[in-house]
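Engineer: Handing you a structure now.
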Amino acid sequence: MADISGSNGVCLTVNTDAIQNPPPASSSSTCNKDSGLSISVPFLQKLVAEVLGTYFLIFAGCAAVVVNLNNDKVVSLPGISMVWGLAVMVLVYSVGHISGAHFNPSVTIAFATCKRFPWKQVPPYIAAQVLGSTLAAGTLKLLFQGKEDQFAGTLPAGSNLQACAIEFIITFYLMFIISGVATDNRAIGELAGLAVGATVLLNVLFAGPITGASMNPARSLGPAIVSRQYKGIWIYIVSPILGAIAGAWVYNMVRYTDKPLREITKSGSFLKSAAAGRGG
């Protein structure tokens, strides 16, 4: 959910005439000119990281929901919120340096609209995220059967309009935070996982009883596919995507305020990426 690779990746343009022993052509380290990021692992490994990361995120969060429903609300809303927030935090730190730790189609699409992620990689990333979520929901379906079988997906408690608005706002908030801590090199990148996880925790704490606090189309699609319950599913696809895009673009508009042009050019990660792309 937080593309922390963007804050640490370095793309170098090297004068090949000065290199006496260039690396072999089969080297796995290449420079992605579309995003200006350094790619040091095969793309397949990124997809595997997204599948596993999304799987563990959805498994932990939805398991908390199921256990809570089966045991007289023993986990409670604060407990469920903590599970979601902590799961996001540890997974960002675990695989963020491999795949960017998106785990969320709305985050992937939002980054792509801001030219921070190549569009050609968006479909496989989304497929990996939905696959991970579906596998997690399927695992829970196998573990909790009979009377313990609970729908761990998301359903609007009120009107569709209310659910749309809330999902838009909380995803906007989430993506705004992600953009701030994970794409701006003036922020403390090491705290990205903590900040994003805390944001998810807060959102689930107040929006969970109303919409389920999805913020993530994959989070809603996986349980819906396994349980074949698609009521209001369009809300959890459209609103998070629009909210994430809006959050990313709004941060891009405010990130350089109160900074002189010379300092922006020197420190702005977006301009540095653009310059690297032109230089390549």
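Engineer: Quick one: how many residues across segment 148-165 are closer than 26 Å to ALA60 by Cβ and in contact (Cβ under 8 Å) with a residue 40 or more places away in the chain?
Structural biologist: Residues flagged as closer than 26 Å to ALA60 by Cβ and in contact (Cβ under 8 Å) with a residue 40 or more places away in the chain within segment 148-165 amount to 10.
Engineer: Only one of (1) at pLDDT 95 or above; (2) closer than 20 Å to GLY212 by Cα; (3) not polar (S, T, N, Q) is not met by LEU131, so which one is it?
Structural biologist: Failed condition: (2).
Engineer: Which of the following residues is more than 23 Å from the chain's Cα centre (by Cα) and at pLDDT 95 or above: VAL83, VAL67?
Structural biologist: Just a single option satisfies the conditions, and that option is VAL67.
Engineer: Of all residues in segment 200-233, how many are in contact (Cβ under 8 Å) with a residue 12 or more places away in the chain and not in a helix (DSSP H, G or I)?
Structural biologist: Residues in segment 200-233 being in contact (Cβ under 8 Å) with a residue 12 or more places away in the chain and not in a helix (DSSP H, G or I): 9 in total.
Engineer: Give segment 120-154 a look and list any residue that's within 18 Å of ASN68 (Cβ to Cβ) and under 21 Å from the mean Cα position of the chain (by Cα), or say none.
Structural biologist: Within segment 120-154, ALA136, ALA137, ALA152, GLY153, THR154 qualify.
Engineer: Filter segment 219-244 down to the residues that are charged (D, E, K, R) and on the phi > 0 side of the Ramachandran plot and list them by number.
Structural biologist: Answer for segment 219-244, where residues must be charged (D, E, K, R) and on the phi > 0 side of the Ramachandran plot: just ARG228.
Engineer: Here's a follow-up. Just to be sure I understand the filter: pairs with C-beta atoms under 7 Å, separated by 6 or more residues or on different chains, first member in segment 117-131 and under 13 Å from PRO217 (Cα atoms) and free of Cβ contacts under 8 Å to residues at least 24 places away in the same chain, second member open to solvent by 30 Å² or more (accessible area, probe 1.4 Å) and of a type in the set (A, V, I, L, M). Which pairs pass?
Structural biologist: none
Engineer: Collect the residues in segment 210-251 that are within 19 Å of THR139 (Cβ to Cβ) and among the aliphatic types (A, V, I, L, M), keeping them in residue-number order.
Structural biologist: Listed by number, the residues that qualify are ALA218, LEU221, ALA224, ILE225, VAL226.
Engineer: Same structure, new question: Just to verify a result, which residue in segment 198-255, among those that are among the aromatic types (Phe, Trp, Tyr) and under 17 Å from the mean Cα position of the chain (by Cα), is surrounded by the most Cβ atoms within 10 Å (Cβ to Cβ)?
Structural biologist: Only one residue fits best here, namely TYR236.
The values are calculated or read from the model by the stated rules, or taken from the named source; none is laboratory data. Computed from a predicted structure; not experimentally measured. Ideal geometry is used to build each Cβ from the backbone, glycine not excepted, and the neighbour counts take in all protein chains shown. Surface areas here come from the heavy atoms of the whole protein model, side chains and all, with no ligands, DNA or RNA. Shrake-Rupley method; radii C 1.70, N 1.55, O 1.52, S 1.80 Å.
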